[in-house]
Amino acid sequence: MRIYIVYYSTYGHVHKMAEAIAEGVKQVDGAEPVLRRVPETLADEVLGKMGALEAQKMMAGVPVCTVDELKEADAIIFGTPTRFGNMTGQMRQFLDATGKLWAEGALIGKVGSVFASAANQHGGQESTILSFHVTLLHQGMVIVGLPYSFQGQLRIDEMSGGSPYGAFTIAGSKGERMPSENELEAARFQGNHVASIAKKLRG
Ligand SMILES: Cc1cc2nc3c(=O)[nH]c(=O)nc-3n(C[C@H](O)[C@H](O)[C@H](O)COP(=O)(O)O)c2cc1C
């Protein structure tokens, strides 16, 4: 079983969450995580002005996803930072290139799941995940979130991301906060949960 983790990350927060999702996928017997980035649409000059070039180096070893390879996925877990409460343009552009898969019905019945990152505690993580689900439904995917059996999402003793819609992190307005252990645990749980459900659907 190949579980694709397809993400975009400017400063590395979603990248760190993606690695934790992969760890969770690996916990399921017979499931292999496949990490992929979506193509960057910004020029290096712009990324430099955004202070993102160092973080981009950290992700340079992750192959860029092609639309066609999604056909072989048993499940796809998408990760995106928030842009004004929605997914990034990079992710939108990638999804808009999947029209051929839609026409072929190639993703129908595959598990789809979403995780996210935003600067602020209430900066739009949930709206980003929920609005992402709309595209997955158009593709006929079976949506899986983060059930309350991940008890870490009930915590109030510390600031933490994570919701029944999917794992997320709070990056801070300067990107100064990296995912906490509780948020990484949510990501591992989501990876494990998606892979387990994909396994059941495969029969
Ligand atoms: C154009 C733009 C719009 C953004 N909009 C939001 C927003 O609506 N809410 C929020 O909390 N953070 C917002 N952010 C902050 C990003 O979500 C944050 O940098 C990101 O989650 C960090 O993840 P990454 O390191 O994987 O890129 C925005 C950032 C940019 C550049």
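Points worth noting:
- Among the protein heavy atoms of the range 120-184, carbon and sulfur supply 57% of the accessible surface, probe 1.4 Å, non-protein parts ignored.
- Residues whose amide H comes within less than 5 Å of that of F168, counting only those at least five positions distant or on another chain, are A116, G162, S163 (H built at 1.01 Å from N in the peptide plane).
- The label point for E181 and the one for D68, both projected 7 Å from the Cα toward the Cβ, are 4.5 nm apart.
- For the range 139-152, backbone phi angles converted through the Karplus equation (6.51, -1.76, 1.60; θ = phi - 60°) give residue-by-residue couplings of 7, x, 7, 9, 7, 10, x, 10, x, 5, 5, 7, 5, x Hz, Gly and Pro being listed as x.
- For the range 156-203, accessible area per residue (1.4 Å probe, heavy atoms of protein chains only), Å²: 49
- Surface exposure of the range 70-112, expressed per residue as accessible area with a 1.4 Å probe, stands at 42 Å².
- If only the Cβ of Lys and Arg carry +1 and only the Cβ of Asp and Glu carry -1, the dipole of the chain around its Cα centre is close to 280 debye.
- For the range 3-19, Karplus couplings with θ = phi - 60° (6.51, -1.76, 1.60), whole Hz, Gly/Pro x: 9, 7, 10, 10, 9, 10, 8, 8, 10, x, 5, 5, 4, 4, 5, 4, 5
- In this structure, the amide hydrogen of V28, modeled 1.01 Å from its nitrogen in the peptide plane, lies closer than 5 angstrom to no residue at least 5 positions away or on a different chain.
- Looking at the range 2-43, the accessible area is 36 square angstrom per residue; that uses a 1.4 Å probe and ignores ligands, DNA and RNA.
- Multiplying the residue separation of I156 and A97 by 0.36 nm and removing their Cα-Cα distance gives an extension gain of 17.2 nm.
- Projecting the Cα positions of A103, A73, P33 onto the charge dipole of the chain (unit charges on Cβ atoms of Lys, Arg, Asp and Glu, taken about the Cα centre) puts A103 furthest along the positive direction.
- Taking all pairs of distinct alpha-carbon atoms in the range 30-180, Kirkwood radius in angstrom: 16.6
- When the listed pairs K110/K200; K16/K57; K16/K100; K71/K110; K57/K174 are checked against a 21 Å cut-off, the alpha-carbon distance exceeds it for K16/K100.
- Cα gyration tensor category, rounded, prolate or oblate, for the range 1-106 with a/c compared to 1.5: oblate
- Rounded to the nearest whole Hz, the Karplus-based 3J(HN,Hα) values (6.51 cos²θ - 1.76 cosθ + 1.60, θ = phi - 60°) of the range 192-201 follow the sequence 5, 5, 5, 5, 5, 6, 4, 5, 5, 5, with x at glycine and proline.
- Considering only trypsin sites (Lys or Arg not before Pro) in DSSP loops that have at most 13 other Cβ atoms within 10 Å, the longest stretch of the chain without any of them is 1-154.
- Cα gyration tensor shape of the range 124-203, rounded if a/c is under 1.5, else prolate or oblate by comparing a/b with b/c: oblate
- For I143, distant residues with modelled amide H under 5 Å away: G112
The values are calculated or read from the model by the stated rules, or taken from the named source; none is laboratory data. A quick note: this is a predicted structure, and the numbers were derived from the prediction, not measured. Reconstructed Cβ throughout: ideal geometry from the backbone, glycine too, with neighbour counts over all protein chains shown. Keep in mind that these areas ignore ligands, DNA and RNA; they rest on the heavy atoms of the full protein, side chains included. Shrake-Rupley method; radii C 1.70, N 1.55, O 1.52, S 1.80 Å.
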